[in-house]
Amino acid sequence: MAKLYFRHGAMGSSKTANALMAAYNYYERGKRALLVKPKLDTRDEGVVRSRMGLCQPCIYVEDLVKMTDEELSAYDCVIVDEAQFCVKSDIEFMVHIVDDLTIPVICYGLRTDFRRNLFEGSMWLLAWADVIEELKTVCWCGQGASCNTRFTESGEIIRDGEQVLVGGNDRYIALCRRHFAAGELGPKYLVKEDFEEDQ
């Protein structure tokens, strides 16, 4: 039986890498997975790209919801990255894909924003998903990190502003609740250049 999955995690929990690996697993088995992301993710046009450099072409959620049932039936799975940026009607369409077309839909995204408020897409996925899984990451202190923390160039935590500000390591870091509340970003975290030097 097909299911609607919501795999959520804080920034840096490898959500996009997991989405790309899931798509590759389908490909390896001779199946077709449709990769999708909302247009609100403007970092790479028409591409799902992980911080590790993995990437694959995708379509936009805004185009997915215009597809006919016949077009969708050509796929064995739909994989949605940055699902927090979806709206209620998008999630309703994904429920239709699962329930009426028996095609699994696997959504990856943030649960909450930098103020710890739910995103619209995440709220409806939490309400309607058949399977909800957390992808783990850690704070600089080693504890589990669940807070997506927006910060300034000078290292100060931002607690007010627009909900959506697309960015990566240059704007966000995952913290545990304690360090989020205390406003402590911690020591400089590992950047891509450091990772490559250590390999």
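The values are calculated or read from the model by the stated rules, or taken from the named source; none is laboratory data. Bear in mind the structure is a predicted one, so any value in this text is a computation, not a measurement. Virtual Cβ from ideal backbone geometry, glycine too; neighbours counted across all protein chains shown. These accessible areas exclude ligands, DNA and RNA; they are computed on the full protein's heavy atoms, side chains included. Shrake-Rupley method; radii C 1.70, N 1.55, O 1.52, S 1.80 Å.
Applying the set (1) buried (at least 18 other Cβ atoms within 10 Å of the Cβ); (2) acidic (D, E); (3) touching a Leu at 6+ places or on another chain (Cβ under 9 Å) to D41 leaves exactly one unmet item: (3). Kindly indicate whether any position in segment 32-55 is at pLDDT 95 or above and assigned to a loop (DSSP other than H, G, I, E, B). Yes, segment 32-55 contains a residue that is at pLDDT 95 or above and assigned to a loop (DSSP other than H, G, I, E, B).
Taken over segment 67-116, the criterion of being in a loop (DSSP other than H, G, I, E, B), open to solvent by 40 Å² or more (accessible area, probe 1.4 Å) and charged (D, E, K, R) is satisfied by D76, R111, R115, R116.
Determine, yes or no, whether N148 is under 15 Å from the mean Cα position of the chain (by Cα) and modelled with pLDDT under 75. Against the criterion (under 15 Å from the mean Cα position of the chain (by Cα) and modelled with pLDDT under 75), N148 does not qualify. Beta carbons closer than 8 Å, at least 6 apart along the sequence or on distinct chains, pair a first residue in segment 66-91 that is closer than 19 Å to A33 by Cβ with a second that is surrounded by 15 or more Cβ atoms within 10 Å (Cβ to Cβ) and of a type in the set (D, E) for D81/D41; E82/D41; C86/E120.
Within segment 1-17, the residues that satisfy the criterion of being farther than 13 Å from L110 by Cα, modelled with pLDDT of 95 or more and either assigned to a helix (DSSP H, G or I) or open to solvent by 20 Å² or more (accessible area, probe 1.4 Å) (or both) are K3, Y5.
Within segment 119-127, is there a residue that is in a strand (DSSP E or B) and out of contact with any helix residue (DSSP H, G or I) (no Cβ under 7 Å at 6 or more places or on another chain)? There is no residue in segment 119-127 that is in a strand (DSSP E or B) and out of contact with any helix residue (DSSP H, G or I) (no Cβ under 7 Å at 6 or more places or on another chain).
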